[in-house]
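What follows is one structure encoded as structure tokens, with my remarks underneath.
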Amino acid sequence: MSHHIVAAENLCYSYPDGTQALQGVSFHISHGESVALIGANGAGKSTLLLHLNGYLTPREGRVRIGDFPLTRSTRDAVRRSVGMVFQNPDDQLFMPTVREDVAFGPLNLGLPSAEVEERVCEALRKVDARHLIDRPPYRLSTGEKRRVSIAAVLAMSPDILVLDEPTTGLDPRSRRQLIELLLSFTHTKIVATHDLDLVMDVCERSLVIHEGRILADGKTEEIFSDEALLARSHLEKPLKLQGCPVCGGTSSGKQKIG
Ligand SMILES: Nc1ncnc2c1ncn2[C@@H]1O[C@H](COP(=O)(O)OP(=O)(O)OP(=O)(O)O)[C@@H](O)[C@H]1O
Ligand SMILES: [Mg+2]
């Protein structure tokens with residue numbers, strides 16, 4: 001794929017019980033962009049991400065990934081290109097051992113077993129989970145499962161990385177390592193998260209979603225300085241931008257005077 005573009009045009013989706021989760025979502029993400037998808041609980045973030053590799057099919061509208069409009073016939077090719085880390089690691093890990101789970105994707109790509117083993121070890125090393133390789137995934141802690149599910153996607157060498165709440169359950173050191181990993185991934189990435197400080201560190205652009213609609217699409221710093229928009233979309237400023245209750249300063253070094 002030459003350009004790792006992700007585009008959505010007027011996506012509408014209702015769950016079988018009638019809940020309208022997406023109501024006309026459109027955006028265009030260019031090759032190499034790092035984009036956050038932010039919004040309150042139930043805003044539609046996971047539903048939107050699940051459209052990007054065909055886990056859900058829109059009632060109306062379309063998705064385009066690189067050169068492919070996402071259809072039933074291009075879905076397998078798209079899934080090789082879009083690596084998706086699910087919100088719930090239990091949706092992703094289903095093999096008897098961590099090694100088999102992380103090897104599952106590369107084996108499906110038809111890679112030789114020596115290369116698969118190399119990819120498994122490298123991906124687990126990147127998320128500091130090499131020591132878990134022989135463990136059954138269902139016995140891991142929440143944060144360990146999260147790291148293994150990220151490794152399972154990295155092992156596929158995706159062109160586009162899509163992560164749904166990747167820092168949930170991670171301890172501060174693992175979170176910092178993940179941020180560094182994301183910064184080193186130079187291809188297109190889309191991150192749905194409530195970790196707005198991660199957004200500040202990793203994503204130059206943010207999409208704000210509220211009740212299934214995109215309320216704003218722009219530079220992260222501009223979005224976080226728009227208090228009316230944050231209030232309307234039930235978001236709060238990242239901690240970094242909130243004033244210190246004692247001195248009034250922020251961790252960006254600005255001080256309230258007077
Ligand atoms: N399987 C389902 N059946 C019916 N409604 C659903 C289903 N999954 C999600 N929804 C509803 O669709 C809407 C969007 O949910 P979604 O999971 O996309 O939100 P989200 O932004 O990812 O929230 P969170 O921050 O809690 O992860 C919500 O109203 C939710 O209740
Ligand atoms: Mg979600």
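Just so it is clear, none of the values below were taken in a lab; they were calculated from the coordinates. All of these numbers come straight from a predicted model, not from anything done at the bench. With ideal geometry, Cβ positions are generated from the backbone for all residues, glycine too; neighbour counts draw on all protein chains shown.
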Checklist entry - Are any residues in segment 1-19 within 16 Å of ligand 2 (Cβ to nearest atom) and exposed (fewer than 15 other Cβ atoms within 10 Å of the Cβ), and if so, which ones? => result 15, 19
Checklist outcome for this item: Scanning segment 23-53 for residues that are surrounded by fewer than 19 Cβ atoms within 10 Å (Cβ to Cβ) and more than 13 Å from ligand 2 (Cβ to nearest atom) gives 23, 24, 26, 27, 28, 30, 31, 32, 33
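Each row is one residue, and each column tells you yes or no for (1) more than 15 Å from ligand 1 (Cβ to nearest atom); (2) under 22 Å from residue 193 (Cβ atoms); (3) surrounded by 15 or more Cβ atoms within 10 Å (Cβ to Cβ).
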site	(1), (2), (3)
56	no, yes, yes
72	yes, no, no
75	yes, no, yes
84	no, yes, yes
87	no, yes, yes
Checklist entry - If you go through segment 59-69 one residue at a time, do you hit one that is crowded, with 19+ Cβ neighbours inside 10 Å, within 16 Å of ligand 1 (Cβ to nearest atom) and more than 16 Å from the chain's Cα centre (by Cα)? => result yes
Item to check | Per-region count, segment 56-100, residues more than 26 Å from residue 24 (Cα to Cα), within 16 Å of ligand 2 (Cβ to nearest atom) and out of contact with any Ser or Thr (no Cβ under 7 Å at 6 or more places or on another chain) | outcome: 2
Next on the checklist: Given the criterion touching a residue at least 60 places away in the same chain (Cβ under 8 Å) and away from ligand 2 (no atom under 16 Å from the Cβ), identify the matching residue among 189, 145.
Outcome noted: 189
Next on the checklist: So for segment 139-150 (the condition being within 16 Å of ligand 1 (Cβ to nearest atom) and in contact with a Lys or Arg (Cβ under 8 Å, 6 or more places away or on another chain)), does at least one residue qualify?
Outcome noted: no
